[in-house]
Number of protein chains: 2
Amino acid sequence: MDKRATIKDVAEAAGVGIATVSRVLSGGSASPQTRERVLAVAAQLDYRPSAVGRNLRQRRTGGLGLLVPDLTDTFFGQLAEGALAYARSAGEPVVLGSTGDDPEQESEMIGMLLEQSVDRVVAVPSGDAETWQPALRAGMTVVFADRLPVEGADPAGEGPDRDLMLLDGLPPARPSRPLDVPAVLADDRSGIRTAVRYLRGLGHRRIAYLGGPGHDRRAEAFREAVGAPADEELIVFATGSRDSAYAAASGLFQSRPDLSAVVAGGNVLGEAAVLAARELDLRVPRDVSLVMYDDVPWAELCSPPLTVIAQPGRDIGYRAAELVLRTGARRPRTVVLPTELIIRGSCGPYPGRPGAGVRA
Amino acid sequence: MDKRATIKDVAEAAGVGIATVSRVLSGGSASPQTRERVLAVAAQLDYRPSAVGRNLRQRRTGGLGLLVPDLTDTFFGQLAEGALAYARSAGEPVVLGSTGDDPEQESEMIGMLLEQSVDRVVAVPSGDAETWQPALRAGMTVVFADRLPVEGADPAGEGPDRDLMLLDGLPPARPSRPLDVPAVLADDRSGIRTAVRYLRGLGHRRIAYLGGPGHDRRAEAFREAVGAPADEELIVFATGSRDSAYAAASGLFQSRPDLSAVVAGGNVLGEAAVLAARELDLRVPRDVSLVMYDDVPWAELCSPPLTVIAQPGRDIGYRAAELVLRTGARRPRTVVLPTELIIRGSCGPYPGRPGAGVRA
DNA sequence: CTTATCCATGGAAACGATTCCATCATGCTT
DNA sequence: AAGCATGATGGAATCGTTTCCATGGATAAG
């Protein structure tokens, strides 16, 4: 009663060979009466084929690996739900890892997936290309979601190339040494540009960008959107943690009291910005306007409700899982999903020079 | 290059038997020089033992199953992070399932875990005892987190017993037919009681409770805390979805304009309450006071910041994983973790009769 | 010097499934 | 009627690991 029935038990109870049982269960040929008997016995014994046995024989584990930085971040929660939804519809189990935005942990998780023979992975990468090399070399099918691996020190003298591109001012369409990995991303460029234009239209000129890890593309898009040589002091970065985000936001507000608008590159950053602003007695949007990346449920709860750049977190996860699980068919290199600027109440007109603003 | 090295490859390359390789790698006895050679070869071939092979042989898959209703709910995100953290420290992979608060999906996920031979599970249950019977019968080690299975129709004529207990007014210390499953829970009773006392201290008398699925214990605790026969109209429930939560909150406010305070039994409910209140032009806390279960980061972002009953989501997940993964040692039946009332700004004094309130 | 002990070692079985292949019976064609 | 094709069926190999057991050599004890 404690142990599960095996195929052998079923075979004996039905008076047939194990090969026949296997065939019946996986849709092979068998006579109707045999099939019926086997099915009946299997049901009666509550038999379930062992995925472990099957995986060993077929030399591959079905299933999907899912690596995200932090499930506490609502956006990644949405992304995970999307991936889970597709996996469920495909009947595949999901092995989850949370990396804490730490390349080392990510590396460990990759190792574990390798050991588990999970050879298809959806990841929000924290490490660089080198971190992912082992996975690829081992033949894993990987799809990145939400972002691409950071471009760290180039492994093999690609320096000049990269410098050149930076000098060009525009972000390169493809990273200097792209991994050959498909990705599902939000249209950061368009999202950021729309937000910046919106803010400029309200009269804002000193617009800051508050960035998180792994989203160089957003920062680049911001630089591009503000045009001219950007004021680099207005572009600050935090690591993944809430503390770091708060410190960055607070530091930004204090060091540059002349800024009048902030674009937060993620919901944790946005949260930090709201908190830091309140702490410093900056009113939103009277003193500072705020646009946040990610539309999360609580954005509406803030007062004023936050104007956001919505990206379809759930869809990103869903599409990524679909990409990695659906074998065959030519796989597109990269899928870019649209973003949408949702205007609520956290942006106001430029208040003008201090003291001469709209304050009645 | 496409396929991984097996133990046989290592054995051949090192000129030893596979048994020796296995022994070296799993810490058995071997001569120093053999050990060294094997280790060197293994490293050179980048050999990783296949978990599938091992699991088959040992007739059990290591690893932890994790079943939560919805990763989009920050509380479950925290809980999952906790469980993941412990699993990581134990070196165990985690198989994740999101049930959407649907017993049927939960049942399917249990079946999948069974197939995968994942025999240790942490679950936030959505189904009733019957849903979990198959898992238990199959010998799974299960630990419930955050809540217990709802007590549905009793399978075997326990009706009278249950009725009796309901008539008694107090919730039973143990459910009528408890599964023999340990659990890690927050101290709902104390949390709710503290919140209700706090509200009463502010003068509130008509206090409503907005409950989610699976938390009968909280509702019971609420009934107990308000004492006397509770006004059942002031106790409403929603299913897990945001829409349902909003509908419930909105309906509550509209049908009972005389209420002056609400206890929301979860962060999704709290969110709905804030939204519904705003929509109906009820100001918090002037018109209605609000206490929410769960301390989530955005509680501080609301204005006014939300007074909450904080429960340690991360710890709940961590402890549950520890309980299920740490073999041996007498396992406690149930762990109850403390809650804490965090007073922020969403509760005010009772405004008195309409028009005679504290409005200056 | 002989015998008992101990340890390193490798062969082989086992885990639970899939799948190739041989076997056998049946029905059809010529 | 004989041969051939077809289809159902079971035996056995296989996947990669762990673990039991036998073997053999070396060392210690008598």
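The table below gives the values:
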quantity: Average accessible area per residue (Å²) across the stretch A:7-49 - probe 1.4 Å, nucleic acids and ligands excluded; calculated: 61 Å²
quantity: Prolate/oblate/rounded call for chain B, Cα gyration tensor, a/c under 1.5 rounded; calculated: prolate
quantity: GNM result for chain B, Cα springs below 10 Å: residue of B:P312, B:P349, B:P149 fluctuating most strongly; calculated: B:P349
quantity: Cα shape, the stretch B:187-311, gyration tensor, a/c 1.5 rule; calculated: rounded
quantity: Eligible aspartates and glutamates near A:K8 by straight Cα distance, threshold 19 Å, same-chain separation 8 or greater; calculated: A:E36, A:D46, B:E115
quantity: Tilt relative to chain A, helix A:159-168 - C-alpha long axis, 0 to 90 degrees, to 10; calculated: 50 degrees
quantity: Portion, in percent, of the accessible area of the stretch A:7-49 that falls on carbon or sulfur, probe 1.4 Å; calculated: 52 percent
quantity: Heavy atoms of A:D258: accessible area, 1.4 Å probe, square angstrom to 10; calculated: 60 Å²
quantity: Cα-based shape type of the protein assembly as shown, given that a ≥ b ≥ c are square roots of the gyration tensor eigenvalues and the cut on a/c is 1.5; calculated: oblate
quantity: Ranked order, A:S107, B:S117, A:S260 - accessible area, probe 1.4 Å, largest first; calculated: A:S107, B:S117, A:S260
quantity: Share, in percent, of DSSP beta bridges within chain A that are antiparallel, nearest 5; calculated: 10 percent
quantity: Accessible-area order (highest first, 1.4 angstrom probe) of the listed residues A:T339, B:T239; calculated: B:T239, A:T339
quantity: Interface residues, the stretch B:66-93 - accessible area loss of 50 Å² or more versus chain alone, probe 1.4 Å; calculated: B:L71, B:T72, B:E81, B:L84, B:R88, B:P93
quantity: Accessible carbon and sulfur surface of the stretch A:188-311 relative to its total accessible area, %, 1.4 Å; calculated: 49 percent
quantity: Cleavage-rule hits (trypsin sites (Lys or Arg not before Pro)) in the stretch B:1-72: DSSP loop, at most 13 neighbouring Cβ within 10 angstrom; calculated: B:K3, B:R59
quantity: Total accessible area lost when A and B pair, probe 1.4 Å, Å² to nearest 100; calculated: 4700 Å²
quantity: Among A:L185, A:L269, A:L301: highest mean-square fluctuation, GNM of chain A, C-alpha pairs under 10 Å; calculated: A:L301
quantity: Percent antiparallel among DSSP beta bridges (both partners in the protein assembly as shown, rounded to 5); calculated: 15 percent
quantity: Nearest-first distances (nm) between copies at B:E232, label 7 Å from Cα via Cβ; calculated: 7.0
quantity: For A:Y350, solvent-accessible area (1.4 Å; no DNA, RNA or ligand), Å²; calculated: 90 Å²
quantity: For A:H204, solvent-accessible area (1.4 Å; no DNA, RNA or ligand), Å²; calculated: 0 Å²
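The values are calculated or read from the model by the stated rules, or taken from the named source; none is laboratory data. What you see is a predicted model; the values in this text were computed from it and never measured. Don't worry about glycine lacking a Cβ; one is built from the backbone with ideal geometry, like all the others, and counts go over all protein chains shown. We work out accessible area using only protein heavy atoms, side chains counted, and drop any ligands, DNA or RNA first. Shrake-Rupley method; radii C 1.70, N 1.55, O 1.52, S 1.80 Å.
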